[in-house]
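Quick notes on the structure that follows.
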Amino acid sequence: MEQIIMNEFIMFWDCLGINSGQIQVVLNLIVIVLATIAALYAKKQIAIAQQLREDEIRLSRHRLTVSILDLAYSCKKDIFKLRKDFYDFEIEFSKLLQIRGFKLDDLMPEFDYTFREWLKFPTETLSRIEKTNRDLVAKLHTKNGDSDLSLHELETILIKLMDIASSLEHSKQGIIERIEEIRTSYNTI
């Protein structure tokens, strides 16, 4: 029995030796097929990773755009409210001036500008802020509705809008102080 197994093994070994070239070709073909499958799988994974990266960048751009628009519209709302408050004050001040015998278009005593011009000084800052805010928002709008700006450009716009929001807050405080200053100054006349 052992002899038979040994003989079979020797014959098998001889057959392998005789056909080793063909076996190597078959094994090489198997390796090539497996390598091709691995390369195609790697290519597919790279494409998926690139698509995920593009989606992540697109989502980041949209989030930044939403943040920019949110801040810009918040600034616009604040500007509108400040203009309205100042306009209401201007009406109140005009009535106060009429009681004192003046009009808004009269020259201020000891100055070379009118009461109306004097009142407009604080709102000039609002106009500049409003224009800058409008210009920055305009950069976001394109024909197809999707911004072509890079993440860096969007971040720059957001930083500028944050500066605008800060300036607006400063202007708001200045206007409130100006209103109080005018009220106290002209209530004593």
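The values are calculated or read from the model by the stated rules, or taken from the named source; none is laboratory data. Here the structure is a predicted model, which is why all the values come from computation and not from measurement. When we count neighbours, we look across all protein chains shown, and the Cβ atoms used for this are built from the backbone with ideal geometry, even at glycine. Each accessible area value is taken on the protein alone, full model and side chains, heavy atoms only, with ligands, DNA and RNA left out. Shrake-Rupley method; radii C 1.70, N 1.55, O 1.52, S 1.80 Å.
On the basis of the beta-carbon distance and an R0 of 35 Å, T114 and M162 show a calculated FRET efficiency of 0.45. The gain in end-to-end length when the R134 to C15 segment is fully stretched comes to 34.3 nm, 0.36 nm per residue minus the alpha carbon separation.
A simple spin-label model places pseudo-atoms 7 Å from Cα toward Cβ; at N28 and S127 they are separated by 8.4 nm. The candidate values were [x] -0.50, -0.83, -1.31; [y] -0.68, -0.92, -1.19; [z] -0.44, -0.82, -1.32; the one computed from these coordinates for log10 I(q)/I(0) by the Debye sum over Cα atoms at q = 0.10, 0.14, 0.19 Å⁻¹ carries the label [y]. Each of L126, F115, T156 was scored by the projection of its Cα onto the charge dipole of the chain, and the greatest displacement toward the positive side belongs to F115; charges sit on the C-beta of Lys, Arg, Asp and Glu. Placing dummy labels 7 Å off each Cα toward the beta-carbon, the span from L96 to I176 is 1.7 nm.
Cross-link list K76/K131; K120/K160; K103/K131; K76/K160; K95/K172; K77/K131: which exceed 18 angstrom alpha carbon to alpha carbon? With Cα atoms farther than 18 Å apart: K120/K160; K103/K131; K95/K172.
A simple spin-label model places pseudo-atoms 7 Å from Cα toward Cβ; at L107 and I48 they are separated by 8.1 nm. Heavy-atom surface analysis with a 1.4 Å probe gives the chain a carbon and sulfur content of 61 percent of its accessible area.
Take region 21-132, drop everything but the C-alpha atoms, weight them equally and run the Debye formula without solvent; then report log10 I(q)/I(0) at 0.11, 0.16 Å⁻¹ to two decimals. Debye output, listed in q order: -0.66, -0.89. Per residue, what accessible area does region 74-146 have, given a 1.4 Å probe and all protein chains present, in Å²? Per-residue value: 67 Å². Each residue was assigned an accessible area with a 1.4 Å probe, and for E180 the value is about 90 Å². Counting 0.36 nm for each residue step from R83 to E169 and taking away their Cα separation leaves a gain of 29.6 nm.
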